[in-house]
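Peer 1: One structure is given below, represented as structure tokens, and several questions about it will come after.
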Amino acid sequence: MKVILKEDIKKIGIMGQTVTVADGFARNYLVPKGLAVQANIKNMKSLEHAKKVIQEKSKKMKASVQDFADRLSKITLVIKAKAGEEGKLFGSVTTMDIAEQLKNEGIEIDKKKISLDEPIKRIGTYAVSVRLHPEIDTQINLQVVEE
């Protein structure tokens, strides 16, 4: 079934794009949740007007996410963890710990948007990558200190 996307959907497409998806996926998920509309003649004509609205919405969202990314890049998080000899941690600092610490700072970020190559297992300073938007990444300074 051909549908017109109203939102960016990971692995499917971006706002305003006409894509072909499985009938059940469109009927049971995309259309009821308001993420897409069926691509018929009426909707295709309204697509032209909607594309302009969607592009403006996307620009505003991207600008606000960029402002948020700039604010986020200036933050230095401090996470306290128990450590043994030579600065090795008992356990590790994961994306869940970082998301929880950000929440304590008043910033809500899903742990899935935070990326670590591997869990942090030593005391030190790290740059952690956060993907806020498909086109916008930022770095958070993370300082792991001994408890």
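Peer 1: Compute the FRET efficiency between K11 and K62 as 1/(1 + (r/R0)^6), taking r as their Cβ-Cβ distance and R0 = 30 Å, and round to the nearest 0.05. List each step's numbers first, then the result.
Peer 2: On the way: r = 20 Å, r/R0 = 0.66.
According to the calculation, E is roughly 0.90.
Peer 1: Just how large is the dipole of the chain about the Cα centre, in debye to the nearest 20, putting +1 at every Lys and Arg Cβ and -1 at every Asp and Glu Cβ?
Peer 2: The dipole magnitude comes to about 940 debye.
Peer 1: Sort T18, T95 by Cβ crowding within 10 Å, fewest neighbours at the top.
Peer 2: Fewest-to-most ranking of T18, T95: T18, T95.
Peer 1: For K6, which aspartates and glutamates qualify as cross-link partners when the Cα separation must be under 15 Å and same-chain residues fewer than eight apart are set aside?
Peer 2: Of all the aspartates and glutamates, those that pass the test against K6 - Cα under 15 Å, at least 8 places apart if same chain - are E48, E56.
Peer 1: Here are a few candidate values for volume of the Cα convex hull per residue in Å³: (i) 87; (ii) 124; (iii) 150. Which one was actually calculated from the structure I just gave you?
Peer 2: Among (i) 87; (ii) 124; (iii) 150, the one derived from this structure is (ii).
Peer 1: Follow-up. Between Q143 and A127, what is 0.36 nm times their sequence separation minus the Cα-Cα distance? Round to one decimal in nm.
Peer 2: The Q143-A127 span can extend by a further 4.9 nm.
Peer 1: Related question: Quickly work out the I107-to-A22 label distance, labels modelled 7 Å from Cα along the C-beta direction, and quote it in nm with one decimal.
Peer 2: 3.8 nm
Peer 1: Inverting the mean 1/r over all pairs of different Cα atoms, compute the Kirkwood radius of the range 75-146 and quote it in Å.
Peer 2: 12.5 Å
Peer 1: Something else now. What angle, in degrees between 0 and 90 and rounded to the nearest 10, separates the Cα long axis of helix 95-104 from the longest principal axis of the Cα atoms of the chain?
Peer 2: The angle comes out at about 90 degrees.
Peer 1: Continuing with this model, one more query. Along the Cα-to-C-beta direction of T94, a point sits 7 Å from the Cα; which residues of the range 113-147 have their amide N less than 16 Å from that point?
Peer 2: Hits in the range 113-147 for T94 at 16 Å: 113-122.
Peer 1: Take the cross-link list K74/K111; K60/K80; K2/K60; K45/K112 and give me the ones stretching past 30 Å between alpha-carbons.
Peer 2: Working: K74/K111 19 Å; K60/K80 37 Å; K2/K60 27 Å; K45/K112 37 Å.
Among K74/K111; K60/K80; K2/K60; K45/K112, the Cα-Cα distance tops 30 Å for K60/K80; K45/K112.
Peer 1: Identify all aspartates and glutamates with a Cα-Cα distance to K11 below 16 Å; exclude those on the same chain that are fewer than 8 residues away in sequence.
Peer 2: Filter leaves E135.
Peer 1: Further, regarding this structure: Are there any trypsin sites (Lys or Arg not before Pro) in the range 1-82 that are in a DSSP loop and have at most 11 other Cβ atoms within 10 Å? List them by number.
Peer 2: Details: sites: K2, K6, K10, K11, R27, K33, K42, K45, K51, K52, K57, K59, K60, K62, R71, K74, K80, K82; in loops: K6, K10, K11, K33, K74, K82.
Filter output for the range 1-82: K10, K11, K33, K74, K82.
Peer 1: Could you tell me which of rounded, prolate or oblate describes the range 1-47, using a ≥ b ≥ c as the square roots of the eigenvalues of the alpha-carbon gyration tensor, with rounded for a/c under 1.5 and, failing that, prolate when a/b is larger than b/c and oblate otherwise?
Peer 2: oblate
FYI, it's all coordinate maths here, none of it is from the lab. In this text the structure is predicted, and so the values were computed from the model without any measurement. Cβ coordinates were reconstructed from backbone atoms using ideal geometry, including for glycine residues, and neighbour counts include every protein chain displayed.
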